[in-house]
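Inspection log for the structure reproduced underneath, given as C-alpha cells.
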Number of protein chains: 2
Amino acid sequence: MSDSICFRPIGIIRSCHVKAEETPIQPAYAKGCLGRAEIFPEFAQGLKDLDGYSHIYLIYHLHQAGPGKLIARPFLQDVEHGIFSTRSPWRPNPIGLSVVELVKVDGNNLQFDGADILDGTPLLDIKPYSEKFDHIHTTRNGWQDEVDEETALKRGQRGYRGGGTP
Amino acid sequence: MSDSICFRPIGIIRSCHVKAEETPIQPAYAKGCLGRAEIFPEFAQGLKDLDGYSHIYLIYHLHQAGPGKLIARPFLQDVEHGIFSTRSPWRPNPIGLSVVELVKVDGNNLQFDGADILDGTPLLDIKPYSEKFDHIHTTRNGWQDEVDEETALKRGQRGYRGGGTP
C-alpha cells in the first residue's frame, strides 16, 4: 500500500459483545455495559493520572468491519448518506472512536462503562475527554436531527438489553 | 512491524501553521483560524450530507511528532503525566483528534474554523460530531482542572494570535 501509515496496538478491548450485528452502536446505547481495556505492559506507564478523568476517548481498529464504502445506510436511519457523515464501521480507514466513562484504573486494565466495542478489538490510542476541548455546543447534527429518540434508542442498542461484563 | 495496522490518507489538511512549536494545541485556542481539508477525489462521494453538521472530528496522522513517549509534560502544565492522560502528539501511535467547526463544504474541500493542525498533515478519517454521542457532561477533567483559563489560553495558543487562512 503506497503512503501507508502503520500503527501498532497498545492493548486489546474486552467486552461481552461477540457478534458485530448485536453490538450497540455507541456508548449512549450501551449504558450499564462494562468493558475492559487491557493495556500491554510495555505501555502501562502511559496510564499515569488518567484516573483523574471521568471520560476518555478510545480509538481502535474496527477489525471486523467489511470493505470501506463511500455511501452507507446508517444504523439509525433507512437513508443513504456519505460515509463521513455517519459513524458506520465500513469506512475507508476502519478507525473506531468511542467516548466512554472511565470507572476504574487497575494496574494496566481500564474498566469502563458504555461498551459498544466488539470483544478482541485492537486498541490504538487513549485520550482524555476534556470539558475544555471536547464539550462542544453543536447547532446542527445533520441527518441525526431527523431521528427521534425512541427510534434511535431502539436501533442503537441492537442486541443489547442492559448489563454485561467481559 | 508485527501486528501492524495500516491506513491510507483520505486527504491532506491545509493550514497557516508551518512550525509545530507555534501551532495552537487545540481548536479551542485557534478560534478564527481557518483550515482546509482537501479530500482526495476518490473519496469525495463520502462527504455527502456532511454539511448538515456544525462540527466534525478530524482524525489525522501527527506526521511531525517525535518518537512516542510514555511520560510527557503537557503544553498546559509543567508537570509530568502519563501520555494517555494528555493530548501530546508524542504518543506511541501518533494519531491526532480535533473537533472543528465545519464552515463550508465546497466540492472535495472542507473549510473549517479552529485549525490547530500543521499544514500538510495526512487526514485519516472524518466523523460527524454528534450531540447525541459526543456532548458529554464530565465530572472530572484530571490535571486540567488544576490549570486556570488564563494560563491555558496563553499556553494553548502558542504562536497563534488570531486570524489566518491556509
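This table checks each residue for (1) under 29 Å from B:Asp148 (Cβ atoms); (2) more than 10 Å from every other protein chain (Cβ to nearest Cβ).
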position: B:Ala44; (1), (2): no, no
position: B:Asp49; (1), (2): no, no
position: B:Leu58; (1), (2): yes, yes
position: B:His61; (1), (2): no, no
position: B:Asp78; (1), (2): yes, yes
position: B:Arg87; (1), (2): yes, no
position: B:Asn93; (1), (2): no, no
position: B:Glu101; (1), (2): yes, no
position: B:Ala115; (1), (2): yes, yes
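Which condition number in (1) over 17 Å from A:Ile25 (Cα atoms); (2) out of contact with any Phe, Trp or Tyr (no Cβ under 7 Å at 6 or more places or on another chain); (3) facing another protein chain (nearest Cβ under 7 Å); (4) surrounded by fewer than 22 Cβ atoms within 10 Å (Cβ to Cβ) is the one that A:Trp143 fails?
Condition (1) is where A:Trp143 drops out.
Among the candidates B:Gly107, B:Gly52, B:Gly68, which residue alone is surrounded by fewer than 22 Cβ atoms within 10 Å (Cβ to Cβ) and at positive phi?
Details: B:Gly52 fails: at positive phi; B:Gly68 fails: at positive phi.
Sole residue among the options that is surrounded by fewer than 22 Cβ atoms within 10 Å (Cβ to Cβ) and at positive phi: B:Gly107.
Please go through the stretch B:5-27 and pick out each residue that is farther than 11 Å from B:Ile117 by Cα, in contact with a Lys or Arg (Cβ under 8 Å, 6 or more places away or on another chain) and open to solvent by less than 50 Å² (accessible area, probe 1.4 Å).
First, the residues of the stretch B:5-27 that are farther than 11 Å from B:Ile117 by Cα: B:5-11, B:21.
Of the ones still in play, those that are also in contact with a Lys or Arg (Cβ under 8 Å, 6 or more places away or on another chain) are B:5, B:21.
Passing the criteria: only B:Ile5.
Yes/no matrix, rows are residues, columns are (1) assigned to a helix (DSSP H, G or I); (2) touching a Lys or Arg at 6+ places or on another chain (Cβ under 9 Å); (3) hydrophobic (A, V, I, L, M, F, W, C); (4) closer than 17 Å to A:Gln26 by Cβ:
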| site | (1), (2), (3), (4) |
| --- | --- |
| A:Leu123 | no, no, yes, no |
| A:Ile136 | no, no, yes, yes |
| A:Lys154 | yes, no, no, yes |
| A:Gly163 | no, no, no, no |
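Quick one: is B:Lys132 outside any loop (DSSP other than H, G, I, E, B), among the basic types (Lys, Arg), closer than 21 Å to A:Val99 by Cα and at pLDDT below 95?
Working: outside any loop (DSSP other than H, G, I, E, B): yes; among the basic types (Lys, Arg): yes; closer than 21 Å to A:Val99 by Cα: yes; at pLDDT below 95: yes.
Spelling it out, B:Lys132 is indeed outside any loop (DSSP other than H, G, I, E, B), among the basic types (Lys, Arg), closer than 21 Å to A:Val99 by Cα and at pLDDT below 95.
Open to solvent by less than 30 Å² (accessible area, probe 1.4 Å) and farther than 30 Å from B:His81 by Cα, is that true of A:Ala115?
Numbers: open to solvent by less than 30 Å² (accessible area, probe 1.4 Å): yes; farther than 30 Å from B:His81 by Cα: no.
In short, no.
Go through (1) modelled with pLDDT of 95 or more; (2) open to solvent by 20 Å² or more (accessible area, probe 1.4 Å); (3) farther than 15 Å from A:Val103 by Cα; (4) in contact with a Phe, Trp or Tyr (Cβ under 9 Å, 6 or more places away or on another chain) one by one and return the number of the condition A:Glu42 breaks.
Of the numbered conditions (1) modelled with pLDDT of 95 or more; (2) open to solvent by 20 Å² or more (accessible area, probe 1.4 Å); (3) farther than 15 Å from A:Val103 by Cα; (4) in contact with a Phe, Trp or Tyr (Cβ under 9 Å, 6 or more places away or on another chain), the odd one out for A:Glu42 is (4).
Name the single residue, out of those in the stretch B:71-90 being assigned to a loop (DSSP other than H, G, I, E, B) and touching a strand residue (DSSP E or B) at 6+ places or on another chain (Cβ under 9 Å), that is most open to solvent (accessible area, probe 1.4 Å). Walk me through it before giving the result.
Keep residues of the stretch B:71-90 that are assigned to a loop (DSSP other than H, G, I, E, B), which gives B:73-80, B:86-90.
Filter again for touching a strand residue (DSSP E or B) at 6+ places or on another chain (Cβ under 9 Å), leaving B:73-74, B:80, B:86-90.
On the way: B:Arg73: 141, B:Pro74: 14, B:Glu80: 95, B:Thr86: 0, B:Arg87: 46, B:Ser88: 15, B:Pro89: 28, B:Trp90: 97 Å².
Only one residue fits best here, namely B:Arg73.
In this structure, is B:Ala28 outside any strand (DSSP E or B), within 29 Å of B:Trp143 (Cα to Cα) and at the interface with another protein chain (Cβ under 9 Å from one of its Cβ atoms)?
yes
The values are calculated or read from the model by the stated rules, or taken from the named source; none is laboratory data. Treat the numbers as computed from the prediction; the structure is a model and nothing was measured. Heads up, the Cβs are rebuilt from the backbone with ideal geometry, glycines too, and the neighbour counts pull from every protein chain shown. We work out accessible area using only protein heavy atoms, side chains counted, and drop any ligands, DNA or RNA first. Shrake-Rupley method; radii C 1.70, N 1.55, O 1.52, S 1.80 Å.
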